[in-house]
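Q: Handing you this structure, nothing more for now.
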Amino acid sequence: MPLIVRWPGHVPAGRVDDQTVMGSVDFFPMFCKLTDTALPSDAKFDGEDLTGSFFGKNLVRQHPLFWEYGRNNVSFDYPKNPRDRSPNVAIRDGKWKLLINADGSGVELYDLIGDRNETKNVADTNPDVTQRLSEAALQWRKSLP
């Protein structure tokens with residue numbers, strides 16, 4: 001998803017960063033940094049301070065980015081055919097994006113550098129990456145309230 005940042009006098013105009021991977025969980029630590037607000041010391045955050053990307057630096061995440069598609073059969077019953085639905089848990093780690101269902105089924109692995117449009121599932125040809133990311137994604141999912 002694109003993100004447009006405009007802050008005249010601070011953020012360079014017209015710059016495109018297609019390298020930094022950022023998610024909504026990163027906004028809290030980033031806004032704290034931008035406002036010189038200390039993060040609570042007793043809390044653990046999923047997000048990272050990636051504010052440098054606003055000022056012209058291409059940054060690399062230090063930790064994987066996790067998310068879940070909040071699927072249910074009432075407010076998100078799409079697509080109608082369950083076989084056409086992507087798995088509901090995701091992890092992005094470097095060039096890899098792995099999708100998996102919360103029960104461990106439906107594993108899909110994509111190399112986003114070599115296949116930006118996610119057309120070829122390479123889970124079978126990268127078993128070590130698939131196992132590592134599957135375990136991390138499922139552990140993250142189980143940690144949610």
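Q: Among 129, 89, 16, determine the one that fluctuates most according to a GNM of the chain built with springs between C-alpha atoms less than 10 Å apart.
A: Of the options given, 16 has the highest mean-square fluctuation.
Q: Helix 127-143: angle to the longest alpha-carbon principal axis of the chain, degrees 0 to 90, nearest 10?
A: 70 degrees
Q: In whole Å, what is the distance between the alpha-carbon centres of segment 23-49 and segment 124-145?
A: What the calculation gives is 25 Å, centre to centre.
Q: Please work out the ratio of the alpha-carbon Rg of segment 82-145 to 2.2 N^0.38 Å and round it to two decimals.
A: Working: Rg = 11.3 Å, N = 64, 2.2 N^0.38 = 10.7 Å.
Rg over 2.2 N^0.38 Å, computed on Cα atoms: 1.05.
Q: To the nearest 20 debye, what charge dipole does the chain have about its Cα centre, counting +1 at the Cβ of each Lys and Arg and -1 at the Cβ of each Asp and Glu? Kindly include the intermediate steps, with their values, before the conclusion.
A: Numbers: 18 positive and 20 negative charges, 49 e Å.
Taking the Cα centre of the chain as origin, the dipole is about 240 debye.
Q: Among 114, 104, 47, which one shows the biggest mean-square fluctuation in a GNM of the chain, springs joining Cα atoms closer than 10 Å?
A: 114
Q: Sticking with this structure for a sec: For the chain, report the accessible area per residue in Å² (1.4 Å probe, heavy atoms, rounded to an integer). Could the numbers behind the result be given before it?
A: Details: 10120 Å² over 145 residues.
The answer is 70 Å² per residue.
Q: So what's the net charge close to residue 24: Lys and Arg +1, Asp and Glu -1, counting the other residues with Cβ under 15 Å from its Cβ? Mind dumping the intermediate values first?
A: Working: positive: 61, 92; negative: 26, 46, 48, 49, 68.
Net local charge, residue 24 excluded: -3.
Q: Another one. In whole percent, and with a 1.4 Å probe on the protein chains, what portion of the accessible area of the chain is carbon and sulfur? All intermediate terms of the calculation are to be shown ahead of the outcome.
A: Numbers: 5310 of 10120 Å².
Exposed carbon and sulfur together represent 52 percent of the surface.
Q: For the chain, what is the mean residue ellipticity at 222 nm derived from helices alone (per DSSP H run of n ≥ 4: -39500 (n - 2.57); sum divided by total residues; nearest 500 deg cm²/dmol)?
A: Numbers: 2 runs with 25 residues, N = 145.
Taking each H run of at least 4 residues, the total per residue is -5500 deg cm²/dmol.
Q: From the list (1) 30, 19, 16; (2) 26, 16, 13; (3) 29, 24, 14, can you say which value of semi-axes √(5λ) of the Cα gyration tensor in Å was derived from the structure given?
A: The value computed from this structure is option (1).
Q: Give me the percent relative contact order of the chain, please, defined on Cα pairs under 8 angstrom at least 6 residues apart.
A: Values: 177 pairs, mean separation 22.1, N = 145.
After rounding, I find 15 percent.
Q: Now for a separate question. Calculate the spin-label point distance for residue 102 paired with residue 69, positioning each point 7 Å from the Cα along the beta-carbon direction, and give it in nanometres.
A: So the two model labels end up 1.5 nm from each other.
Q: Given +1 on the Cβ of Lys and Arg, -1 on the Cβ of Asp and Glu, and no further charges, what dipole in debye does segment 88-145 carry about its Cα centre, rounded to the nearest 20?
A: Working: 8 positive and 9 negative charges, 44 e Å.
In total the dipole reaches around 220 debye.
Q: GNM, the chain, Cα, under 10 Å: largest mean-square fluctuation among 105, 53, 41?
A: Greatest mean-square fluctuation among the candidates belongs to 41.
The values are calculated or read from the model by the stated rules, or taken from the named source; none is laboratory data. Not measured: the values here are computed from a predicted model. All Cβ positions, even for glycine, are placed from backbone atoms using ideal geometry, and neighbour counts span all protein chains on display. When the accessible area is computed, the model is the full protein with side chains, heavy atoms only, and any ligands, DNA or RNA have been set aside. Shrake-Rupley method; radii C 1.70, N 1.55, O 1.52, S 1.80 Å.
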